[in-house]
Amino acid sequence: MRRVPLALTALTAATAAAVGYAAGIEVRSFRLRRVTVPVLRPGMAPLRVLHVSDIHMVSGQRAKQRWLRSLAGLRPDFVINTGDNLSDPEAVPETIDALGPLLEFPGAYVFGSNDYYAPVLRNPASYLVNRFSGRHGLNGNAPAVNVPRNPWWELRDAFDAAGWANLTNRRGRLKTGSTEIALTGLDDPHIRRDRYAEVAGGPEPGADLSLAVVHAPYLRVLDAFTADGYPLILAGHTHGGQLCVPYYGALVTNCDLDTRRVKGLSAHEAGGRVAHLHVSAGCGTNRYFPLRFACPPEATLLTLTPA
């Protein structure tokens, strides 16, 4: 009769230890992922791209801010920011300060829903419900109603002032050395702000490389970019699953992307073509659910090489 209480005690202790680790240690165990992607034309010199995403800054997160500033020491050729920089309306100045050293490099950005809207408290189990109900399907989610807005325009103004290309349903270009890079981006599909018709048409002629950029990797967006002939798509949003099962992986992606491709480099096929897809696991969490387990916060340094 004593086995049940002992088992419950052991389970409770293990759960408490796991939560303590996820909230106190892993959430601050920032990592750099390194990936090589063969997408350049023969004879081109390699390019180093720093991909940052899902910072979800909350005022006072000093360790995260120091780590973000340290990434400038990698000396990337350019930076791509795939959104969800904020998780606190008061954190804009600290976010800009933390990204300040990276703003000295060429770069481009899109926004995610958490750049526009303040976070809301929700049941974490709803992510599992959404996965199995198909609610994160082809149409994404409706925009938040009666939810406080973040001062996203302050971020936009800082990024624009630094010369970063704004890719919210736009095309843009950046130059690193003598290399001309064309970029096509979308606003966040998770809240139905993507307008692919406004940027459709595929890679621009004359550029040395064309890239596609979006916050949430919904299949409708990946299909469109791939069918149009983009060799590499960069996205974020998934947090890599955030709470993963060791030796199994992610349970959710918070969109209709399969869990096998929740983070890192993979392939996407559509329209008879294949594109490389890189999904960042991001370096933050929603402020109301500040846990990571078996999924450390990260940024990625992609080295682009000739195919």
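The values are calculated or read from the model by the stated rules, or taken from the named source; none is laboratory data. All of these numbers come straight from a predicted model, not from anything done at the bench. Glycine also receives a Cβ, built like all others from the backbone with ideal geometry; neighbour counts cover every protein chain displayed. Ligands, DNA and RNA are stripped out before the accessible areas are found, and what is left, the full protein with its side chains, is counted by its heavy atoms. Shrake-Rupley method; radii C 1.70, N 1.55, O 1.52, S 1.80 Å.
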note = Within region 86-107, residues being among the acidic types (D, E) and either open to solvent by less than 10 Å² (accessible area, probe 1.4 Å) or in contact with a strand residue (DSSP E or B) (Cβ under 7 Å, 6 or more places away or on another chain) (or both) number 2
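Taking the stated definitions as given, is S70 in contact with a helix residue (DSSP H, G or I) (Cβ under 7 Å, 6 or more places away or on another chain), surrounded by fewer than 18 Cβ atoms within 10 Å (Cβ to Cβ) and either modelled with pLDDT of 95 or more or hydrophobic (A, V, I, L, M, F, W, C) (or both)?
Values: in contact with a helix residue (DSSP H, G or I) (Cβ under 7 Å, 6 or more places away or on another chain): no; surrounded by fewer than 18 Cβ atoms within 10 Å (Cβ to Cβ): yes; either modelled with pLDDT of 95 or more or hydrophobic (A, V, I, L, M, F, W, C) (or both): yes.
So S70 fails the test.
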query = Out of all the residues in region 30-46, is one or more open to solvent by less than 60 Å² (accessible area, probe 1.4 Å), farther than 27 Å from L186 by Cβ and modelled with pLDDT of 90 or more?
reply = yes
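With the structure loaded, tell me whether V79 is at pLDDT 95 or above and either of a type in the set (G, A, S) or under 18 Å from H215 (Cα atoms) (or both) or whether it fails that test.
It is true that V79 is at pLDDT 95 or above and either of a type in the set (G, A, S) or under 18 Å from H215 (Cα atoms) (or both).
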message = For region 95-116, which positions are under 15 Å from the mean Cα position of the chain (by Cα), among the small types (G, A, S) and assigned to a helix (DSSP H, G or I)?
response = S113
request  = Looking only at region 73-92, count how many residues are in a helix (DSSP H, G or I) and touching a residue at least 24 places away in the same chain (Cβ under 8 Å).
outcome  = 5
ask   = Does at least one position in region 117-134 carry a residue that is within 17 Å of the chain's Cα centre (by Cα), at pLDDT below 95 and open to solvent by 10 Å² or more (accessible area, probe 1.4 Å)?
value = yes
ask   = In region 214-259, what count of residues is obtained for those that are closer than 27 Å to A307 by Cβ, more than 17 Å from the chain's Cα centre (by Cα) and of a type in the set (V, I, T)?
value = 1
message = Any residue at all in region 10-25 that's at pLDDT 60 or above and either on the phi > 0 side of the Ramachandran plot or loosely packed, with under 10 Cβ neighbours inside 10 Å (or both)?
response = no
ask   = Hey, T226 hits all of (1) closer than 19 Å to A294 by Cβ; (2) in contact with a strand residue (DSSP E or B) (Cβ under 7 Å, 6 or more places away or on another chain); (3) open to solvent by less than 50 Å² (accessible area, probe 1.4 Å) but one; which does it fall short on?
value = (1)
query = Only one residue in G272, G240 is surrounded by 24 or more Cβ atoms within 10 Å (Cβ to Cβ), modelled with pLDDT of 95 or more and among the small types (G, A, S). Which one?
reply = G240
key: Answer residue from region 145-173, given it is assigned to a helix (DSSP H, G or I) and of a type in the set (G, A, S) and is most open to solvent (accessible area, probe 1.4 Å) among those   = A161
